[in-house]
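Report on the structure given below.
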Amino acid sequence: MEEAVEHQVWLVGKEVAARDHKMFWLVTVICLILYLLWTDVKKPRGYPPGPTWMPVVGNYFWFRQQKLNLGYYHLVWASLSTKYGPVVGLRLGRDCVVTVSGYDAIRDVLLRDEFDGRPDGFFFRLRTFGKRLGVVFTDGPLWQEQRRFCLQHLRKLGLGRRSMEEQIEAEAQDLVVTLQSKCNDGSTPLQLHDAFNVCVLNSLWAMLAGYRFALNDKRLMELLDIVHTSFRMIDASGGLLNQMPFLRFIAPNLSGYNQLLAILNRMWSFLKETISEHRKTFSPDCTRDLIDSFLEEMEVRKKETDSTFNELQLVALCLDLFMAGSETTSNTLGFAMLYMLLYPDIQRCAQDELDNVVGRSRQPCLQDRPRLCYVESVIMEVQRLVSIAPLGIPHRATKDSILMGHFIPEGATVLISIWSLHMDRKHWGDPEVFRPDRFLNEPGGIVQDDWFVPFGFGKRRCLGETLARSSLFLFFSTLLHNFSISVPSGYPTPSPDSYDGITLSPKPFYARLVPRI
């Protein structure tokens, strides 16, 4: 009897011990999970102020909701800056993302070497075959060597010289002839938001690949359309795929991975075909364009094991230049035409200046630019008010740094709010008003304002600034010299609202073009 009782007690004790053992491990696991969650939402000491982080996703869903409410990524950052100050820190997915606003903070970032890096996330590698290639999203020795090569050979091929000007003038005149044939003396409304896409790209493509596209090239127009789509798919921080790349396995369609990959495959195929055609006719004794120059450099360095001159780098370089050359300048010109529709008095003032300086017997040229100050001020005001790349191209902290008293961890993405400079009320007074004369002084000359930085400044200043500035002036002045632009009868007055993305792009609008006799 006693033995049975003792056995029963032993069994109960064993069950209690087993239950306690399970409970111990359950509590341990729960505590471990809670600890990991706590450490996941804990910000680095001294990190810039911002909203509270959520586990795993950080501020991603909060940020997306704010974007839906405000309509634009840069406005979300502007609202955060108003609340937290010029340096704001978030975590989007696994990425620490810091945005700086205002002149002092932006100047501090752009003039310091430790912020000259470029992001190294999934999206930025996906576009260049899973590697860090090209010239836009690279840094360090690779970027320095490739940027130096590009500038050196583009200058040899005409960048900043008369031959470049002649190329742009020819493209502008070709566009005028095309529009004249379509407008029927003003009776046929035309879409102008994308009218500059092909001709602007041609100005660069002639130096890059040695030929130009016809303005009605359907294949190229389809290619440009998908490029514009890709720019609207993501924001300056790299978008969903960059912040949570694992989603490409779980939801490849919903995350945009499949669509983005399809776009990249189209681009890669087009560029590889262009390079292949060059190889067939390449001669080191006759360098025709930048692709030829790169192929020649590849041949010279083929025995170097660590050479940055290889076929994948050439494709990535062409991709960077193609996308840059087909997006920002053409979008700015689209907005310029839109604002001429909305402000006919300003349009007439610009045309009066063109008539007085250029006359009616010839077309505008770059030599006219110093005397066409009002025309130049209109272009500058479009650039300021639109801020085509409101957050610029993202930077990366290459080491732990202190920025205006805040800790910026190595690897953090740093976004520069160019929009905050161009829309600063204290500096501009009425930043939301389209007023070109803000860039004119009393004698009528151009005011060089330090707060006006459409091409950035510092070491990462836009590589194609010379070409972009010349293209903006020649295309805009030539179009205004040849046409009067107005809202077509029966069509609504277009809105200056834009599509959002890495860059802003004008929404479709129609215009009545009347040739100026």
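Residues that are among the hydrophobic types (A, V, I, L, M, F, W, C), modelled with pLDDT of 95 or more, on the phi < 0 side of the Ramachandran plot and surrounded by fewer than 17 Cβ atoms within 10 Å (Cβ to Cβ): does the range 423-433 have at least one? Explain how you work it out, then say what you get.
Taking the range 423-433 as the starting set, the residues that turn out to be among the hydrophobic types (A, V, I, L, M, F, W, C) are 423, 428, 433.
Within this subset, residues satisfying the condition of being modelled with pLDDT of 95 or more are 423, 428, 433.
Adding the requirement that they be on the phi < 0 side of the Ramachandran plot leaves 423, 428, 433.
From what is left, the residues that are surrounded by fewer than 17 Cβ atoms within 10 Å (Cβ to Cβ) are 433.
Within the range 423-433, one or more residues are among the hydrophobic types (A, V, I, L, M, F, W, C), modelled with pLDDT of 95 or more, on the phi < 0 side of the Ramachandran plot and surrounded by fewer than 17 Cβ atoms within 10 Å (Cβ to Cβ).
Matching residues to (1) in a helix (DSSP H, G or I); (2) over 30 Å from Pro390 (Cα atoms); (3) aromatic (Phe, Trp, Tyr); (4) at pLDDT below 60:
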position: His21; (1), (2), (3), (4): yes, yes, no, yes
position: Ile33; (1), (2), (3), (4): yes, yes, no, yes
position: Leu37; (1), (2), (3), (4): yes, yes, no, yes
position: Pro49; (1), (2), (3), (4): no, no, no, no
position: Trp62; (1), (2), (3), (4): yes, no, yes, no
position: Asn69; (1), (2), (3), (4): yes, no, no, no
position: Leu80; (1), (2), (3), (4): yes, no, no, no
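Among all residue pairs at least 6 apart or on different chains, which show Cβ distances below 8 Å where the first residue, located in the range 92-121, is at pLDDT below 95 and surrounded by fewer than 20 Cβ atoms within 10 Å (Cβ to Cβ) and the second is in a strand (DSSP E or B) and among the acidic types (Asp, Glu)?
Close Cβ pairs satisfying both conditions: none exist.
Tell me the strands (runs of 3 or more DSSP E) entirely within the range 405-517 that contain at least 2 residues that are closer than 30 Å to Arg64 by Cα and touching a residue at least 12 places away in the same chain (Cβ under 8 Å).
On the way: elements: 406-408, 413-416, 483-486, 510-515.
Fully inside the range 405-517 and qualifying: 406-408, 413-416.
Taking the range 219-237, which residues are closer than 15 Å to Gln259 by Cβ, buried (at least 18 other Cβ atoms within 10 Å of the Cβ) and not hydrophobic (A, V, I, L, M, F, W, C)?
Correct list: His228, Ser230.
What pairs come up if the first residue lies in the range 252-266 and is in a loop (DSSP other than H, G, I, E, B), the second is exposed (fewer than 15 other Cβ atoms within 10 Å of the Cβ) and at pLDDT 90 or above, and their beta carbons are under 7 Å apart, counting only those six or more places apart or on different chains?
Pro252/Asn258
To keep it simple, each residue is scored yes or no on (1) among the basic types (Lys, Arg); (2) touching a helix residue (DSSP H, G or I) at 6+ places or on another chain (Cβ under 7 Å); (3) more than 18 Å from Leu338 (Cβ to Cβ).
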{"residue": "Lys426", "(1), (2), (3)": "yes, no, yes"}
{"residue": "Glu432", "(1), (2), (3)": "no, no, no"}
{"residue": "Leu440", "(1), (2), (3)": "no, yes, yes"}
{"residue": "Pro454", "(1), (2), (3)": "no, yes, no"}
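Examine the range 321-340 for a residue that is modelled with pLDDT of 95 or more and aromatic (Phe, Trp, Tyr), and state whether such a residue exists.
yes
Restricting the first residue to the range 170-186 and requiring it to be over 21 Å from Phe473 (Cβ atoms) and in contact (Cβ under 8 Å) with a residue 12 or more places away in the chain, which pairs with a second residue that is of a type in the set (Lys, Arg) and buried (at least 19 other Cβ atoms within 10 Å of the Cβ) meet a Cβ separation below 7 Å and a spacing of at least six or different chains?
Here the result reads Gly186/Arg512, each pair linking the range 170-186 to a residue that is of a type in the set (Lys, Arg) and buried (at least 19 other Cβ atoms within 10 Å of the Cβ).
Taking Leu204 as meeting all but one of (1) more than 19 Å from the chain's Cα centre (by Cα); (2) more than 29 Å from Gly71 (Cα to Cα), write down the number of the exception.
Against the list (1) more than 19 Å from the chain's Cα centre (by Cα); (2) more than 29 Å from Gly71 (Cα to Cα), Leu204 comes up short only on (1).
Go through (1) out of contact with any Gly (no Cβ under 9 Å at 6 or more places or on another chain); (2) at pLDDT below 85; (3) over 22 Å from Lys272 (Cα atoms) and name the single condition Leu223 misses.
Looking at each condition in turn, Leu223 falls short on (3).
For Gln351, are the conditions met, namely being surrounded by fewer than 17 Cβ atoms within 10 Å (Cβ to Cβ), part of a helix (DSSP H, G or I) and out of contact with any Gly (no Cβ under 7 Å at 6 or more places or on another chain)? Write out each step before concluding.
Numbers: surrounded by fewer than 17 Cβ atoms within 10 Å (Cβ to Cβ): no; part of a helix (DSSP H, G or I): yes; out of contact with any Gly (no Cβ under 7 Å at 6 or more places or on another chain): yes.
In short, no.
Condition check ((1) charged (D, E, K, R); (2) at pLDDT below 95) across all residues:
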residue	(1), (2)
Gln448	no, yes
Lys459	yes, yes
Gly464	no, yes
Leu479	no, no
Phe509	no, no
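Could you tell me whether Ala316 is touching a residue at least 24 places away in the same chain (Cβ under 8 Å) and closer than 25 Å to Leu223 by Cα? Talk me through it step by step, then tell me what you get.
Numbers: touching a residue at least 24 places away in the same chain (Cβ under 8 Å): yes; closer than 25 Å to Leu223 by Cα: yes.
In short, yes.
Looking at (1) in a helix (DSSP H, G or I); (2) hydrophobic (A, V, I, L, M, F, W, C); (3) in contact with a Leu (Cβ under 7 Å, 6 or more places away or on another chain), can you tell me which one Val382 breaks?
Every condition holds for Val382 apart from (3).
If the requirement is being among the β-branched types (Val, Ile, Thr) and under 30 Å from Glu169 (Cβ atoms), which of these qualifies: Val414, Val453?
Details: Val414 fails: under 30 Å from Glu169 (Cβ atoms).
Result of the check over Val414, Val453: Val453.
Looking at Gln363 and the list (1) in a loop (DSSP other than H, G, I, E, B); (2) closer than 30 Å to Phe231 by Cα, which single condition is not satisfied?
(2)
Within the range 361-372, track down each residue that is more than 15 Å from Gln173 (Cβ to Cβ) and surrounded by fewer than 18 Cβ atoms within 10 Å (Cβ to Cβ).
Listed by number, the residues that qualify are Gln367, Pro370, Arg371.
Do you know which residues across the range 80-125 are more than 21 Å from Asp400 (Cβ to Cβ), under 20 Å from the mean Cα position of the chain (by Cα) and of a type in the set (S, T, N, Q)?
Ser101
The values are calculated or read from the model by the stated rules, or taken from the named source; none is laboratory data. Here the structure is a predicted model, which is why all the values come from computation and not from measurement. Methodologically, a virtual Cβ is constructed for each residue, glycine included, from the backbone with ideal geometry; neighbour enumeration extends over all protein chains shown.
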